[in-house]
Amino acid sequence: MSMNGTVEYLIIGLEAKKPLHTVASVFAEAGRGLVGDRYHLGVGAFNAKQFDQSVREVSLIMSESIALCNEKLGTELHPIDFRRNVVTKGIDLTRLRCKRFRIGEAVFKAVRTAPPCRYLSRLTGEDMMKGLKNIGGIRAVIEKSGKISVGDTIRVLD
């Protein structure tokens, strides 16, 4: 896998615990998240005070991880079911820890992994803790605002 990749899906939703939808492009606002997404609005399932809000701006997962999870679980879950904002292809997200990267006009910094949780298992009715173990993706903050779109190249900056 390369150190660069592409955006396959952009996924947002206005409310916690409600169905999400795909968009062709979205504005990534520094310090806030993706415009129109529940975490940008401060109403995500994990926006409660006991959770670290500094890592809630954007979540990313590899399409390759989605395929592997479906294989492990014998499922055909759609990328939207994984409830991550950006689905990538061709880039090893695990190598981005603490690195800066560009998607479209925006610049991001990977801040931590995004391990699966029981909440995702409840929503899908599948054992996502098992399916996504060590491959749940990453969380990133937005350092420079800008528009991002499906098909954009993901370029590592440092």
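The values are calculated or read from the model by the stated rules, or taken from the named source; none is laboratory data. Just so we're clear, the structure is a prediction, and the values are computed from it rather than from any experiment. Using ideal geometry, Cβ is built from the backbone for each residue, glycine included, and neighbour counts are taken over all protein chains shown.
Some points to look at:
- Of residues in segment 100-118 being at pLDDT below 90 and touching a strand residue (DSSP E or B) at 6+ places or on another chain (Cβ under 8 Å), the one nearest to residue 145 (Cα to Cα): 112
- Pairs are defined by a Cβ separation below 9 Å, a sequence spacing of at least 6 or placement on different chains, a first member in segment 60-88 that is over 24 Å from residue 16 (Cα atoms), and a second member that is in a strand (DSSP E or B) and of a type in the set (A, V, I, L, M); the pairs so defined are 68/62.
- Residue in segment 69-76 that is touching a Gly at 6+ places or on another chain (Cβ under 6 Å), in a helix (DSSP H, G or I) and either surrounded by 16 or more Cβ atoms within 10 Å (Cβ to Cβ) or not charged (D, E, K, R) (or both) present: yes
- Pairs with Cβ under 8 Å, 6+ apart, first in segment 102-116 and within 17 Å of residue 31 (Cα to Cα) and in contact (Cβ under 8 Å) with a residue 12 or more places away in the chain, second part of a strand (DSSP E or B) and among the acidic types (Asp, Glu): 107/143; 108/143; 109/143
- If you filter segment 34-58 down to residues that are out of contact with any strand residue (DSSP E or B) (no Cβ under 6 Å at 6 or more places or on another chain) and of a type in the set (A, V, I, L, M), you find that the one that is modelled with the lowest pLDDT is 48.
- Number of the exception - residue 31 against (1) assigned to a loop (DSSP other than H, G, I, E, B); (2) at pLDDT 95 or above: (2)
- For segment 120-149, filtered to residues that are closer than 15 Å to residue 72 by Cβ and among the β-branched types (Val, Ile, Thr), the residue that is modelled with the lowest pLDDT is 124.
- Within segment 10-24, the set of residues being more than 15 Å from residue 40 (Cβ to Cβ) and either small (Gly, Ala, Ser) or touching a Ser or Thr at 6+ places or on another chain (Cβ under 7 Å) (or both) comprises 24 only.
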